[in-house]
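Worksheet for the structure shown next.
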Amino acid sequence: MGMEKVDIGSIPAYEIGNKTAPAVIVLQEWWGVTPDLKEIATEISTRNYRALIPDLYKGKVGVEVEEAKHIREGLDWDQAVQELLQAVDYLRSTGSPKVRPPPPPTAAAAAAADNS
């Protein structure tokens with residue numbers, strides 16, 4: 001089974017793996033959803049997990065540092081947290097018995113991201 005593009009409401013995402021397997025949400029780096037990230041999700045799926053990459057940038061990918069920084073700075077963090085919760089609901093409602101949502105960003109993590 002290869003990687004499939006799916007839509008979770010308004011969120012584009014990529015998933016791979018058996019729908020009845022425990023699920024892992026793979027979060028993008030500040031570059032966006034890159035081929036390397038898809039390879040990581042594919043590797044996770046070979047370990048009997050279902051992997052989902054929600055595309056929080058909605059298809060935008062930063063190729064250069066300044067571009068990636070600009071895209072990340074435009075991210076609505078509150079909306080991103082809600083979209084990740086939608087991803088959890090999607091995984092549970094489509095067959096995964098266990099889904100662990102990623103922790104919401106803390107104030108310290110957001111400050112660290114602003115300084116990178």
Criterion violated by A21 - all others in (1) modelled with pLDDT of 95 or more; (2) not in a loop (DSSP other than H, G, I, E, B) satisfied: (2)
Those residues of segment 6-23 which are β-branched (V, I, T) and either open to solvent by 90 Å² or more (accessible area, probe 1.4 Å) or in contact with a Lys or Arg (Cβ under 7 Å, 6 or more places away or on another chain) (or both), in sequence order: T20
Candidates A21, A68 - the one that is closer than 12 Å to L91 by Cβ, of a type in the set (G, A, S) and in contact with a strand residue (DSSP E or B) (Cβ under 8 Å, 6 or more places away or on another chain): A21
Within segment 24-43, tally of residues that are open to solvent by 40 Å² or more (accessible area, probe 1.4 Å) and touching a strand residue (DSSP E or B) at 6+ places or on another chain (Cβ under 7 Å): 3
Sole exception among (1) modelled with pLDDT under 95; (2) within 19 Å of R92 (Cα to Cα); (3) surrounded by fewer than 19 Cβ atoms within 10 Å (Cβ to Cβ) for M3, by number: (1)
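Considering A21, A41, which residue is out of contact with any helix residue (DSSP H, G or I) (no Cβ under 7 Å at 6 or more places or on another chain), over 25 Å from L75 (Cβ atoms) and among the aliphatic types (A, V, I, L, M)?
A21
The values are calculated or read from the model by the stated rules, or taken from the named source; none is laboratory data. Predicted, not measured: the structure shown is a model, and the values here were computed from it. With ideal geometry, Cβ positions are generated from the backbone for all residues, glycine too; neighbour counts draw on all protein chains shown. For the accessible areas, the whole protein counts, side chains as well, though only heavy atoms, and no ligand, DNA or RNA atoms are used. Shrake-Rupley method; radii C 1.70, N 1.55, O 1.52, S 1.80 Å.
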